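None of the figures in this text is laboratory data; all of them are computed from the coordinates on show. Since the structure is predicted, the reported quantities are computational estimates derived from the model, not experimental observations. Don't worry about glycine lacking a Cβ; one is built from the backbone with ideal geometry, like all the others, and counts go over all protein chains shown.
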Amino acid sequence: MSPRTGRPADVAGVRGQNLALLVQDVRRHGPTTRAEVSARTGLARASLTTMVPELVTAGLLRETPGTAGPRGGRPVAPIVFDGSRMAIASVEITVSDVLVETADLAGRRLRLDGAPHGRPLGDPDAVVAVITTLLDDHTRTLRELGVDLGMVVVIMPAPLAGDPPVVLASSDFEWRRFDLLAAITALRPDLAGRCLLVNDANMATIAEAQALGDPGSPAPADVVYLKSLTGIGGGVITGGRLVTGNRGIGFEPGHILVRPGGRPCVCGRHGCFIAEAGPEAVLGDAGLSALAGSAGISVAVAELVERVRGGDPQARSAVASAGEVIASVTLDIALTFDPARVVLGGYWADVFDHLGLPQTLQLGDDSFDFAWAAPEDGFIVPGRLGARAARIGAAGHAVEQLLGTPLWLSNFMS
């Protein structure tokens, strides 16, 4: 066959598309039979007879014990998604540490650990060195387990933009337009083309929105996520899609103006959401500024949560004041995006019952009753996933990228 016809590439492309279609269908609907897959996808049953065993051998699918049909005959062996021989490494950069969690494609955790980076302001290469050292350790562990590292997804608490994305700016680290992926792959060339860079709040938004669903009830298609730990972040899902905006910074709630003329903000204005209800403001009101300065914001926030739970009046008052601001922002968000749920993550989920959120918000003479008395049915609810939310969302995003890429699947199976 002449290479000028392009037919070999066409055949490989079709094969990859069929493999991707098959794997994604089984992942969504398994356990399922070949006949059911064929009916849903349009793939010929003869093709499935060839592709399923190949994917089983590759560790992407698994056949379960078969059962005979109602009329007897050959047992039907349902197939399920496996993914045990390929892993995703989720690298989360926090204000104090780098955390790396590796899990197989089905979400089974294989290893989780981290290391402090010392927060070297203006020196991203020092953080990159910590990242690659941890990735080296995880790669060795995966080899010992007989698992391949399929993709690395780096989770950054900062606005990102570009294709491939770069860190636009980070006030936590004093970075400006830094190409984090290029720096990582310069030290780990084997990861070139296999790294993603994502925003932490966006990934947590996806994960927490999906966590709202139950087996008999799908997750709502319109969700807003707000979280606070070392700052304030968030994300919006509308119509089932994450809002990213023109430059990838579609929802940065920290600088929503809530109190004109209020506390000064690092952006130069006064009364921004983060200035009024961010961790530094709340910690100051709770009498924990000194601890934040000496031990770091993460340690101080953990102490704040413990004091609130222990009944400390100053800590509870500080959190309740933040709750008033959160309620005001939530009203603006409700009027802007009309979400089915607003999820509060970070430490706000830990102190949710002490935020003092009213059951009714008012705008003029109109009353918006969100029935917050029953969190499982309410409008504002605490996050369910805790500190792992961003890593869970990032890993799921990476798996979707891998399994939805026909070329990758075709190469992996060759």
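Per residue, the chain reaches -13000 deg cm²/dmol at 222 nm when only DSSP H runs of four or more residues are counted, each adding -39500 (n - 2.57).
Computed from the C-beta positions of Ala169 and Gln401 and an R0 of 35 Å, the FRET efficiency is 0.85 to the nearest 0.05. Converting phi to 3J(HN,Hα) with the Karplus coefficients 6.51, -1.76 and 1.60 and the offset θ = phi - 60°, region 255-260 yields 10, 5, 7, 10, 9, x Hz in sequence order, with x at every glycine or proline.
Could you grab the Rg to Rh ratio for the chain? Cα atoms only, Kirkwood for Rh. Working shown, then result.
Numbers: Rg = 24.0 Å, Rh = 23.5 Å.
Value, to two decimals: 1.02.
Gain on full extension, evaluated as 0.36 nm per residue between Arg45 and Ala221 minus their Cα-Cα distance, stands at 60.0 nm. As a rough footprinting exposure proxy, the listed residues Tyr347, Tyr225 were ranked by other beta carbons within 10 Å of their own, and the order from fewest upward is Tyr347, Tyr225. Residue-wise HN-Hα couplings along region 88-105, as the Karplus relation 6.51 cos²θ - 1.76 cosθ + 1.60 with θ = phi - 60° gives them from phi, are 10, 9, 9, 10, 9, 9, 10, 5, 10, 9, 10, 10, 10, 10, 9, 9, 6, 5 Hz; Gly and Pro carry x.
Treating r as the C-beta distance of Arg384 and Asp113 and R0 as 25 Å, the FRET efficiency rounds to 0.60. Shown here: region 214-383, whose C-alpha atoms stretch 45, 37, 36 Å along the first, second and third principal axes, sorted largest to smallest. Between the alpha-carbon centres of region 309-344 and region 80-97 there is a gap of 31 Å. Close amide-amide hydrogen proximity is noted between Leu196 and Val152, Val153, Val154, each under 5 Å apart and 5 or more residues distant or on a separate chain (H modeled in the peptide plane; Pro and chain starts excluded). Electrostatic tally near His29: other residues with Cβ closer than 14 Å to its Cβ, Lys and Arg +1, Asp and Glu -1, net +2. Note on the chain: GNM, Cα springs under 10 Å; of Ala186, Ala320, Ala20, the largest mean-square fluctuation is that of Ala186. The largest-to-smallest principal axis extents of the Cα set in region 266-317 are 36, 23, 13 Å.
Pair-distance distribution of region 108-162: all C-alpha pairs, bin width 10 Å, starting at 0; shares per bin in whole percent are 17, 48, 27, 8. Please list the non-local residues whose amide H lies under 5 Å from the amide H of Val343, H modeled 1.01 Å from N, same-chain partners needing a gap of 5 or more. The list, which skips near neighbours in sequence, is Val224, Tyr225, Leu226, Val381.
Binning at 10 Å from 0, report for region 273-367 what percent of all alpha-carbon pair distances ends up in each bin. Here the calculated profile for region 273-367 is 16, 47, 26, 11, 1.
Rounded, prolate or oblate: which fits region 117-224 when a ≥ b ≥ c are the square roots of the eigenvalues of the alpha-carbon gyration tensor, with rounded for a/c under 1.5 and prolate only if a/b beats b/c? Here region 117-224 falls in the oblate category. Here the gap between Asp179 and Asp123, fully extended at 0.36 nm per residue and compared with their Cα-Cα distance, gives a gain of 18.9 nm. With neighbour counts taken as other beta-carbon atoms within 10 Å, the residues Ser317, Ser90 rank, fewest first, as Ser317, Ser90. Among all helices in the chain defined by DSSP H, which have a length of 27 Å or more along the axis from Cα atoms plus a Kyte-Doolittle mean of at least -0.5? In the chain, the long hydrophobic H runs are 7-29, 124-145, 313-337. A cut-off of 5 Å between modelled amide H atoms, ignoring neighbours fewer than 5 places along the same chain, links Asp113 with Val100.
Could you tell me whether region 33-146 comes out rounded, prolate or oblate from its Cα gyration tensor? Rule is a ≥ b ≥ c as square roots of the eigenvalues, rounded for a/c under 1.5, then prolate if a/b exceeds b/c, otherwise oblate. Since a/c reaches 1.5 and a/b is larger than b/c, the shape of region 33-146 is classed as prolate.
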